[in-house]
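Coordinate-derived values only; no laboratory data. What you see is a predicted model, and the numbers here were worked out from it, not measured in a lab. No Cβ is skipped: glycine too gets one built from the backbone with ideal geometry, and neighbour counts run over all protein chains shown.
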Amino acid sequence: MDITNRISLGDRLDRWVFKKCFRVGWPLLALRLILARRIVWSPVTWLHHCWPTPTVTNTSSSVESISRREGYRLFAPGTFVELSEIVAACREIFNRHQAEITDSTRFNKPYFYNILTAEDLKQHPILMNFALSAAVIEAVTDYLGQTPRLHSIGVFYSAVNDSIDGSQMYHVDGDALSQIKCFVNVWDVGAGGGAFTFLPKRLSSISLRSKGLLKAIADEEVARLLPEADQIKVVGSAGSGVFVDTSRCLHQGSRARTHPRLVFQFQYVTRPDALLTQPGREVAGGHLLVTRQLLGGLSLTNPQAMQFVT
Ligand SMILES: O=C(O)CCC(=O)C(=O)O
């Protein structure tokens, strides 16, 4: 079947806008137009998500917020009770898949790829249960100001490499105008370990974000704004990590020069988001998409979990 037949009119319009705006160097305008188009197309759905229901908020008393000005919140291994179990689960997953990752070149991004499968999620429910826990959902909902959507999840391996390519270059993510990704270090991360590295939101100007979407920023330009030593590096022992708005904070990672890195990652996006549907385009080593079908096969502790997927 012709792929264009499976893409809705709205999505075709979004792809056209995306292509045209990126071609003329206005990527932020593309995201804004796509979001506006999606809001106009389904205003009731949008309004519904703008007012998170009381069950989504105020379910836990110990929520630490993600700063709206800075766009991130670092955490230590003891911050969430689930972290030690998550680290243990991801290490088991790595051991299970280790034999499959001897050749990194077969992955879309040889320096950063997902090894988590739906079957792994069944065996380690802690991963999805943490991503959908009250503490996480409250922090993300508070930051994004609406009921967010859990879009993807993965356990990402960064092999030792000497490249500076794709997401190893400073950039921002174009999935939405704002989003939250959570990274948990599964192994200790130190110098040469490819740490996730970023600038706070307040320093990521519109022009830098625009260049970041086009992946057109040299390290020197970033260093002029914030010297390398002051850039925020998610280093630390296993279980340390960050919640970060990767649409608003310039970032790079996986420059793993001497040590490989393993991180657990999940991603919440706004509704609507600016993601383009890509039927039939699954990439090797890409993240797992979180769908109702995927959640349906798991034993979840949050009875409201389905609110956070489409
Ligand atoms: O830590 C990394 O390799 C960077 C990942 C990244 O850019 C992203 O997930 O948006």
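Full extension of the segment from LYS122 to GLU221, taken as 0.36 nm per residue of separation minus the current Cα-Cα distance, would add 31.2 nm.
Ordered by the number of other Cβ atoms lying within 10 Å of each residue's own Cβ, fewest first, LEU150, LEU208, LEU74 fall into the sequence LEU74, LEU208, LEU150. Relative to the current alpha-carbon distance between TRP16 and ILE206, full extension at 0.36 nm per residue lengthens the span by 66.1 nm. Across all directions, the average flat footprint of the convex hull enclosing the Cα atoms of the chain is 16.0 nm². Taking R0 as 35 Å, what's the FRET efficiency between GLN304 and ALA229 from their Cβ-Cβ distance, rounded to 0.05? Computed FRET efficiency for GLN304 and ALA229: 0.20.
The label-point distance for LEU74 and ASP162, in a model that sets each label 7 Å from Cα toward Cβ, rounds to 3.0 nm.
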